[in-house]
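Have a look at the structure below, then the notes.
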Amino acid sequence: WYFLDKIFYPANVSQLILSDKSFHFFEEILKKIISYYSFYLLAKSFSKDTFISCIGAIFYTTLINILPYPHSYFLPFLPYLVYVLSKKSVLSLKENLVIFLISLNSSIIFDYILLIALLPLAYYLKKNKNSLKIFFQFVAIFSLGCFIAAIPIFITVLNLDLHRDGWARPDLFETINLELIQILGYFQINNVNDIFKFPYKILVLIIIFTSIFIKERKIFEIFIFLIFFYLLKIIFQSDFLNFLFIEPISFLKGFNFSRISLIFPVFFSIIIILNFKFLKSIKLKSLIASIIIFSSLSLQSNFLFSEISKSFLSNNLNESYWSQIRKLKSENKFYEIIKIASNKKNYKYKEINFKFESQFTFDNYYKFNDYKVLKGLIKDEVVISIGINPMIAAMNEIKIADGYYPIHSLEYKNKFYKIIKNELETNEFISKYFNDWGNRMYVFYNDENNLKINFNAAKNMNIGYVISAFKIYDDDLEEACLDCNENKELNLYKIK
């Protein structure tokens, strides 16, 4: 239980009342509502224009729910915390309780690092800079709640060598080089996601331009803040500070300090509100408002368009061309996909089939009916999954040996490594991905027709079954259920 970093969150109480599905959507909607009203409150403290405050709130809500996605309730409440610290001189009892409740639902891994940026930003925005007592009070209350919620993490740090101790960050020059490549390829389109992010990228450039044009000191200084923390993020995600992580704080080597970048959406959204406040041109304001709305809609439409396109192409393309597209997608060959999809000769029907069904609805994704069949065969044995998210099995109350875990023991990671060792040795990318990071403990593979998985090593870990999205031909496996429950992408094998 102490590997579950969110197990003590008070928000989990609603899961005692709601079903898994209802809880999932309840939390999704709640985070978006909190994000919206939290930033709306902050925006109103800068501008009395309700429309502009609404636009800013929509934009901030889109950014934190689409780009990073909030791990906890901290990011949705972040603008409220900036508002309280920058606009209040004394914390009321109600505000103390709200801050404490937010902290109990916050992650020391994901959120606590953001105080490095939150406190200076709130101090800068504060008019009465003499009333610093509120900052000390806030840090004390927030730390108390956050540390209570982090008890499971402290237990792991004190009792186990964690997989994070083996994290390997790139050197500073390599990190800078990677950032420069991203900046130079800012408008490059390699996949569908880049198309839907394009309006947002244009918006960023426009806001930078208008901020320089306005020559408002407050906007300029917040930009300096943003650049400073961006440079800090680059340093944090490199090995530059590794020399600091010696006993007794060596466990901090595995702490992802680069998550300070999660503060960027609130910085950028505040800059947008200030642009509206100080811009004189009505036409320019209307243009920026239109682009904000369009970029928000574009970012939120990305997933929907991807699912509709996938469903359309899988239903209408000849099987060979659909297989080619799936392969090209994994290789990010976007223009090759367009060539295949735009050629009428590649389609199997004269009349187009517009039937739409997404695999990413809640029920379709977790495949409850299909896994019920698997559960009846597996019983209480442990499984690994290949080509399919292993957490789906966990959701269906099947014991798993793989999965995604922000925290797990280094000893277990080393045991699991033996299962996929041969696959990792032939692929430098997934080798670095697993060895240097390792949160995603999956059965990685290079070629489904030439698997190099060590199923004997799996058996030595008391793993009894393999769930696969494709057919496997291996002497160490025995067929238990092929095309289970008439699902051609679900197969079960027993390890001999």
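The values are calculated or read from the model by the stated rules, or taken from the named source; none is laboratory data. Computed from a predicted structure; not experimentally measured. Cβ coordinates were reconstructed from backbone atoms using ideal geometry, including for glycine residues, and neighbour counts include every protein chain displayed. Accessible surface areas use protein heavy atoms only, side chains included; no ligands, DNA or RNA. Shrake-Rupley method; radii C 1.70, N 1.55, O 1.52, S 1.80 Å.
Using alpha carbons only, the radius of gyration of the stretch 239-302 set against its Kirkwood radius gives Rg/Rh = 1.29. Looking at the chain alone, DSSP beta bridges between its own residues are antiparallel in about 65 percent of cases.
Straight-line reach from Lys277: which aspartates and glutamates have Cα under 17 Å away, leaving out those fewer than 8 places along the same chain? By straight Cα distance, Lys277 reaches Asp49, Glu216, Glu221. The listed residues Tyr465, Tyr365, Tyr37 rank as Tyr37, Tyr365, Tyr465 when sorted by accessible area, largest first, using a 1.4 Å probe. Taking K and R as +1 and D and E as -1, what net charge do the other residues with C-beta under 12 Å from the C-beta of Glu95 add up to? That sum, taken over residues with Cβ under 12 Å, equals +3. Taking a ≥ b ≥ c as the square roots of the eigenvalues of the Cα gyration tensor, an a/c ratio of 1.5 or more together with a/b larger than b/c marks the stretch 345-496 as prolate.
Leu184 sits among other residues whose Cβ lies under 15 Å from its own Cβ, and their net charge, with Lys and Arg +1 and Asp and Glu -1, is -1. Averaged over its residues, the chain has an accessible area of 53 Å² per residue, based on protein heavy atoms and a 1.4 Å probe. Normalised by the number of residues in the stretch 197-308, the mean separation of alpha-carbon contacts (under 8 Å, six or more apart) gives a relative contact order of 45 percent. Projected onto planes of every orientation and averaged, the convex hull of the alpha-carbon atoms in the chain covers 26.7 nm². Projected onto their three principal axes, the Cα atoms of the stretch 156-259 cover extents of 53, 38, 26 Å, largest first.
Which log10 I(q)/I(0) values, to two decimals, does the stretch 264-334 give at q = 0.14, 0.20, 0.21, 0.23 Å⁻¹ under the Debye formula with one point per Cα? At q = 0.14, 0.20, 0.21, 0.23 Å⁻¹ the computed log10 ratios are -0.65, -0.87, -0.92, -1.03.
Applying a 4.7 Å Cβ-Cβ cutoff to the chain, the cysteines left without a disulfide-compatible partner are Cys54, Cys146.
Over all projection directions, the Cα-based convex hull of the stretch 163-221 averages an area of 7.0 nm². Packing here is the average count of other Cβ atoms within 10 Å per residue, and on that basis the peptides 287-295, 188-196, highest first, run 287-295, 188-196. Compared with the rule-of-thumb size 2.2 N^0.38 Å for a compact globular protein, the stretch 1-71 has a Cα radius of gyration ratio of 1.37.
How much space per residue, in cubic angstrom, does the convex hull of the C-alpha atoms of the stretch 79-229 take up? Dividing the Cα hull volume of the stretch 79-229 by its residue count gives 184 Å³. Taking amide hydrogens as placed 1.01 Å from N in the peptide plane, the amide H of Ile400 sits under 5 Å from those of Val383, each at least 5 positions away in sequence or on another chain.
Straight-line cross-link partners of Lys283 among the lysines, defined as a Cα under 28 Å from its Cα and at least 8 positions apart when in the same chain: Lys44, Lys48, Lys197, Lys201, Lys215, Lys218. The residue list Ser323, Val204, Asn159 was ranked by how far each Cα lies along the charge dipole of the chain toward its positive end, using unit charges on Cβ atoms, and Val204 comes out on top.
Count charges around Lys355 for me, please; just the other residues with Cβ under 15 Å from its Cβ, Lys/Arg as +1, Asp/Glu as -1. That sum, taken over residues with Cβ under 15 Å, equals -1. Using the Cα coordinates of the stretch 59-152, the gyration tensor eigenvalues translate into equivalent-ellipsoid semi-axes of 21, 17, 11 Å, sorted from longest to shortest.
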